[in-house]
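Before any comments, here is the structure.
None of the figures in this text is laboratory data; all of them are computed from the coordinates on show. The structure presented is a predicted model; accordingly, all values stated were derived computationally and were not measured. Note that each Cβ is placed from the backbone with ideal geometry, even for glycine, and that neighbours are counted across all protein chains shown.
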Amino acid sequence: MNQRIPVVGMGSDGLAGLSALEKDALAIADCILAPSNSLALLDSLSAEKVPLGTDLNLTHGLIQDRLGKSQKLVIVVSGDPLFYGLAGWLCEKFGKDRFEILPHVSSMQLAFARIKERWEDAYLGNLQTLPVERLLDLARTLGTLGLFTTPEVGPDVVARLLLEKGLHGFNAYVCENLGTPRERITQGSLAEIASLKFDPLNILILLRDPSFPPQAPTQRSGARFGNPDAEYAEDAPARRAVTPAEVRSIALGYLRLKPGIVMWDVGAGSGSVAIEVANLIETGQVFAIEEDPVDLQRLASNLRRYNATMVKPVFGSAPKAFQGLPSPEAVFIGGIGIDVPRMLEPIWNAMKPGGVLVIHLASPEAFVAVNNDLRARTEDVSVLHLQLAMGIRQMASTLLDPLPPSYMLRACKV
């Protein structure tokens, strides 16, 4: 195996704040890849210095090119490389065995240290990926939030949003340009923060005022999963857009769901799978993709009914509808399967390594095509033939009313 590439977390004090191990790695490097602001702190080193930008596609190509030159590489990033940092992406794209992670204090950790507040119970998130409705749910129920803001959704925007929704009970701290000569800590009420402007590089910390107790969690109707089909579609014709509860429950188990993941429900129909995924993972992003306008209206109605604020409906056909969506760790495709084969290529390419794809099919022809396609992509394919029957009472007897036979496939991307 090739020597592992050090990924060094560095603070604003540059080399002075690094350990002997990290300094040694930099001293023998042939090439250092880092953002420009980090490279500026490494002028004394003789290695070639290559700036990394924000375009991950360009970064991927740059690193791939350097790996082919047998150079001793070191990648330098700010703070903890695995806390909303580059290291997670590097491990996904190139494999964990390629790297050795050498963390520094994260900027979030530094922010809490600056205001001298505990953070073991805090919710820590990034507004670049955290939906606004989910932020509001968190603010209703939690006592401490630490948020990486964005230029578009800065501390002033968040403060105004909370005030508009009646969530007044927070004291706020804005920590700007931490560890630099331009560092500034601003403390104030939400009304005060809403009236100010801040540099783009900041962290917003919200601390609940003890005189404003948390609100009760917004009540969801129904169970976390396995809700009756009729709850998603009140009339019989509409139930064609509902994955049957029994099949749905098996699919949810096959998806290997974890908190914080990105999940796509392709051909979402009523949204039953997407809604129950959101109930189970509680944090993350769920995208319900549907091309039928009538089903999309039913989906939107169910999202409101179940208060499924984490689920984002996406109107459109595959693969165009996938453009701009974050790469998923889990994907579910349901339906009879006529259109599934044409979806596989773009979905497989979009999935993260280790991602799970679960497909429910009723058509034998589609099953054969999809099974062959998946087995050409990965050896990790599971097949389940479903033959289910519901017990119904008729004249003091129990009779079995069978569901149409169907197939479920699970494929894992390695």
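Between Phe94 and Gln394, how high is the FRET efficiency from 1/(1 + (r/R0)^6) when r is the Cβ-Cβ distance and R₀ = 60 Å? Nearest 0.05.
On the way: r = 61 Å, r/R0 = 1.01.
Calculated value: 0.50.
Once you have a ≥ b ≥ c as the square roots of the Cα gyration tensor eigenvalues for the range 5-105, tell me rounded if a/c is under 1.5, and otherwise prolate or oblate according to whether a/b is larger than b/c.
Numbers: a/c = 1.43, a/b = 1.22, b/c = 1.17.
Rounded, because the longest to shortest axis ratio a/c is under 1.5.
Counting beta carbons within 10 Å around each of Thr186, Thr243, Thr149 and listing the fewest first gives the order Thr186, Thr149, Thr243.
Using the structure shown, select from Lys69/Lys93; Lys23/Lys96; Lys96/Lys116; Lys49/Lys93; Lys72/Lys258; Lys312/Lys352 the pairs with a Cα to Cα distance greater than 27 angstrom. Result: Lys96/Lys116; Lys72/Lys258 exceed 27 Å. Comparing mean-square fluctuations of Gly53, Gly85, Gly14 from a GNM of the chain with C-alpha springs under 10 Å, the top value falls on Gly53. Each Lys and Arg adds +1 at its Cβ and each Asp and Glu adds -1 at its Cβ; summed about the Cα centre, the chain shows a dipole of about 260 debye. The alpha carbon centroids of the range 40-92 and the range 124-166 are separated by 30 Å.
Over the chain, DSSP H runs of length four or greater, each weighted -39,500 (n - 2.57), average out per residue to a 222 nm ellipticity of -8500 deg cm²/dmol. Here each label is just a point 7 Å from Cα along the line to Cβ, and for Leu136 and Leu58 those points are 3.7 nm apart.
Mind checking the dipole of the range 109-208: about its Cα centre, +1 per Lys or Arg Cβ, -1 per Asp or Glu Cβ, Debye to the nearest 20?
On the way: 11 positive and 12 negative charges, 31 e Å.
Roughly 140 debye, rounded to the nearest 20.
Could you tell me how far the Cα centroid of the range 248-279 sits from the Cα centroid of the range 340-357, in Å? If we compute the Cα centre of each part, the gap is 15 Å.
Among Ala350, Ala191, Ala40, which one moves the most in a GNM of the chain with springs linking Cα atoms closer than 10 Å? Most flexible of the set in this elastic network: Ala40. Qualifying trypsin sites (Lys or Arg not before Pro) in the range 1-69, where qualification requires a DSSP coil assignment and no more than 10 other C-beta atoms within 10 Å, comprise Lys69. Springs join every pair of Cα atoms under 10 Å in this Gaussian network model of the chain, and among Ala274, Ala376, Ala318 the largest mean-square fluctuation is at Ala376.
For the listed peptides 124-136, 261-273, 389-401, a ranking on the average number of other beta carbons within 10 Å per residue, highest first, reads 261-273, 124-136, 389-401.
Can you pull the semi-axes for the chain, root of five times each eigenvalue of the Cα gyration tensor, sorted largest first, whole Å? Present the calculation step by step, with values, prior to reporting the outcome.
Details: eigenvalues 383, 186, 51 Å².
Over the Cα atoms of the chain, the semi-axes work out to 44, 31, 16 Å.
On the beta carbon distance between Thr378 and Ala300, with R0 = 35 Å, the FRET formula returns roughly 0.50. Can you list the aspartates and glutamates whose alpha carbon sits under 19 Å from that of Lys413, skipping same-chain ones fewer than 8 residues off? Correct list for Lys413: Glu92, Asp97, Asp265, Glu329, Glu345, Asp373, Glu379, Asp380.
Based on the Kirkwood radius over alpha-carbon pairs, what is the Stokes-Einstein translational diffusion coefficient of the range 72-203 at 20 °C with 1.002 mPa s viscosity, in µm²/s? Write down the numbers at each step before the final one.
On the way: Rh = 16.1 Å.
My calculation gives 133 µm²/s for D.
Report the FRET efficiency, 1/(1 + (r/R0)^6), for Ile185 and Arg118, where r is their Cβ-Cβ distance and R0 is 25 Å, rounded to 0.05. For Ile185 and Arg118, the calculated efficiency is 0.90.
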